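The values are calculated or read from the model by the stated rules, or taken from the named source; none is laboratory data. Just so we're clear, the structure is a prediction, and the values are computed from it rather than from any experiment. Here the Cβ positions follow ideal geometry from the backbone for every residue, glycine too, while neighbour counts run over all protein chains shown. Surface accessibility is based on the protein's heavy atoms, side chains included, excluding ligands, DNA and RNA. Shrake-Rupley method; radii C 1.70, N 1.55, O 1.52, S 1.80 Å.
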Amino acid sequence: MPLFPATISNEQVIRIIESNEFNDFHLFIKKELDIEDMNYQVLCKDYAVDNEGYEDSNVIARAVFSNEWSKLESVTFFTNNIAECINKSFFRISNEQVFEEIVNICIKYYLIHELVHVLQFKRGDITKEKMDRYMEIPYEERSIEIEADLTAVKKMSNHGDFEARIVELIKVRKSIDNHAALGLINLYKKHKF
């Protein structure tokens, strides 16, 4: 393996999110989820901030609702957090082409997850009152998070075994070892060529 594995920067994440290809994918998923009538901005910010004003590196993206919970304002991507998460998890990937594909899969997965929250808002599953109750439940046990995750996993896994494996790894947010990195590279080559 080379001494300098591939990495992604905050600026590169922003370029991907602002790209025409990503916008086309966004519109495609909105149609699949039947949320084409929902209007909101897609924003990029460096970091999420918690309720006390501190940076929260655990938040990758967020559907942001108005203060009165009457409308969806944005789907916001926290680009430094995304870059750090991907770099931490996949720094052992030495093949740039494979790494670039991993980055695209990760960002699309994050988008789908947030768009499911848009759908949940549209259905009335996310309201101020319901969110107050959800906040009493651990994140990974909340029904809205389980649905968002399962939908994102299913939609990304439909693209093939490589995508399915990346999605599995995204969920655990741990660094892959050399054996897993080699396995991903081989899986990519097997399914892409």
Cα centroid of segment 33-68 to Cα centroid of segment 121-165, whole Å:
15
Provide the solvent-accessible area of residue 157, counting protein heavy atoms only and rolling a 1.4 Å probe, rounded to the nearest 10 Å².
40
Normalised by the number of residues in segment 84-150, what is the relative contact order in percent for Cα pairs under 8 Å and 6+ residues apart?
30
0 to 90° range, to nearest 10: angle between helix 161-172 axis and the chain longest Cα axis:
60
In degrees from 0 to 90, rounded to the nearest 10, what is the angle of the helix 20-32 Cα long axis to the longest principal axis of the chain?
50
Could you work out the longest stretch of the chain that avoids the GluC sites (Glu not before Pro) located in DSSP loops with at most 12 other Cβ atoms within 10 Å?
69-135
Prolate/oblate/rounded label for segment 140-183 (Cα gyration tensor, a/c 1.5):
oblate
For segment 1-142 the mean separation of alpha carbon contacts under 8 Å (6+ apart) over residue count, i.e. relative contact order in percent, is 30
Which ³J(HN,Hα) values, rounded to whole Hz and listed in residue order, are derived for segment 134-146 from phi using the Karplus coefficients 6.51, -1.76 and 1.60 in 6.51 cos²θ - 1.76 cosθ + 1.60 with θ = phi - 60°, glycine and proline given as x?
4, 5, 7, 9, x, 3, 6, 9, 6, 4, 5, 6, 4
Looks like segment 5-87, by Cα gyration tensor root eigenvalues a ≥ b ≥ c and the a/c under 1.5 rounded cutoff (else prolate when a/b is bigger than b/c, oblate otherwise), is oblate
Exceeding the 18 Å Cα-Cα cut-off - candidates 31/155; 30/108; 108/130; 45/122; 130/171; 130/154
108/130; 45/122; 130/171; 130/154
Hypothetical label at residue 43: residues of segment 116-156 whose amide nitrogen lies under 18 Å (7 Å Cα-Cβ projection)
117-118
Estimated inter-spin distance, residue 54 and residue 143, nm [label 7 Å along Cα→Cβ]
3.2
Let me have the 222 nm mean residue ellipticity of the chain computed from DSSP H runs of 4+ only, each contributing -39500 (n - 2.57), with the sum over all residues rounded to the nearest 500.
-18500 deg cm²/dmol
Quick one: angle between helix 79-90 and the longest Cα principal axis of the chain, in degrees between 0 and 90, rounded to 10, please.
40
Each residue of segment 125-132 in turn: what ³J(HN,Hα) in whole Hz from Karplus with 6.51, -1.76, 1.60 and θ = phi - 60°, glycine and Pro shown as x?
6, 10, 9, 4, 4, 5, 5, 4
Are there any chymotrypsin sites (Phe, Trp or Tyr not before Pro) in segment 52-108 that are in a DSSP loop and have at most 16 other Cβ atoms within 10 Å? List them by number.
54, 69, 91
